[in-house]
1. At 222 nm, what value in deg cm²/dmol follows for the chain if DSSP H runs of at least 4 each add -39500 (n - 2.57) and the sum is divided by all its residues, to the nearest 500?
2. Report Rg(Cα)/(2.2 N^0.38 Å) for the stretch 386-511, keeping two decimals.
3. Pairing the Cα long axis of helix 168-179 with the longest principal axis of the chain, what angle in degrees results, from 0 to 90 and rounded to the nearest 10?
4. Relative to the present Cα-Cα distance, how much length would full extension add between residue 131 and residue 393 at 0.36 nm per residue of separation?
5. For the peptides 499-506, 2-9, 403-410, 325-332, what is the packing order when you average, over each peptide's residues, the other Cβ atoms within 10 Å and list the highest mean first?
6. Length gain on complete extension for the stretch residue 70 to residue 258, per 0.36 nm per residue less the alpha carbon to alpha carbon distance?
7. Can you give the angle from 0 to 90° between the axis of helix 279-291 and the longest principal axis of the chain, with both taken from C-alpha atoms, to the nearest 10?
8. I need to check one value: relative contact order of the chain, counting alpha carbon pairs closer than 8 Å and at least 6 residues apart, in percent.
Ligand code: NAD
């Protein structure tokens, strides 16, 4: 029955008590309720995981606080060396971890492996970064004074992650936080708890081998722990990835206690197809963007804004591409579209289609739930396309499923206005061969998103750039560029090496 090698993968990852007892791996903070992890691929109960109680949470926080005291004193390049070893360990486990991601979350095996590759890439990035945590030096206005700034670790970083990138999001945060000298406490999604355990198991061996205290990386499970984190003053930074609804609550709660957040929330991403677009490129970008990960990426393409002269042709090629999509087990590389995460998600998808129709949308490619052999989990749906208006209420919302809304435009300014006219601001793209259109789209009068691409779809960012979005996407930035600064506190230092004490701004104070 183990056609896709899942049992073997689980055992390689140290997740042993499959299907019977609980599996906690090397995580010691797990004495609470049972979370059952079902695969959306075939509906199987993969394993049971024990959540963390309040006491577990407290124990983890104590371990983390203690570990921070020593970890912050380890020179940053030495911390980088630990992260380098973690990258090597992830290379060893790329295959089974990619399989688990695919089986527990439902994305294709290729995308599961791609997610682990992102983890490896961010490790490499962080290693280099560990020698580049630069501050500036400034010229003081006072004689014989030196002024500079330096970056110090913030302390314990809370990481709360979404189900759809069950391993990569943690690593984007944790690897940077670690080279910055912080320690981490991670609460993964209850929809993919085994991925968290597998990651903890993989890095645990590196920590043990190097005599690094366990508290540098703490794993806790269970949704209630999210609220403990929001309210915990010992967490100066909470990095939250998830829906705008929950993110709003996290943001308010953490701000109330003057903590910082990195918020990576929902998107509503559009591709503009210009009259100067190369349609064969649009096809790959739009179809992968809309149906890849069954539309469950924060950067999934939700809207296509098509020039009127290209509309009929684009619809025609989309229809024929959608007709060829194979829906089924994501571990089978012949399939293009895997399942949604659970039945709630299937209901959201069905409701969105009904709402779009009720608002006047015209179905171009019919949706529906797949039934029969291979679809027993009840989570497989048909990617659909609906002709809609940008101001439909349902179009203004993110539906985390493969529903693509298409609409027409006649001039680029209007198309950019439509693309921007949603509450979210994560990813955006323009397909064009016109330099003028491209520059307008990327200008200050162009896309208002955190990510703006030309001749590339909305999904599939590289780790080297800062990742995140504006407006209801939350404004956070993670991963590359100078995103590391969010994990550190800046200190300005002025040193007087003279024998007088002149005051700034020429103020005299004689005593
Ligand atoms: P979700 O908001 O339901 O859950 C996200 C996490 O929040 C989970 O770990 C959950 O347990 C936790 N949580 C729930 N209640 C909480 C509370 N009161 N306090 C603290 N934590 C709490 O999201 P989801 O369904 O897992 O993920 C899908 C959403 O995530 C989509 O909206 C998607 O766009 C977004 N997402 C955004 C990015 C990004 O980088 N912008 C990346 C991935 C996913």
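1. -11500 deg cm²/dmol
2. My calculation over the Cα atoms of the stretch 386-511 gives 1.66.
3. The two axes meet at around 10 degrees.
4. Value of the extension gain: 89.5 nm.
5. Taking the mean over residues of other Cβ atoms within 10 Å, the ranking is 403-410, 325-332, 2-9, 499-506.
6. 65.1 nm
7. 70
8. RCO, the chain: 17 percent.
All of the numbers you see were taken from the coordinates with simple rules; none came from a lab. Note that the coordinates shown come from a computational prediction; the quantities given were computed from them, not determined experimentally. Neighbour counts run over all protein chains shown; Cβ positions are idealised from the backbone, glycine included.
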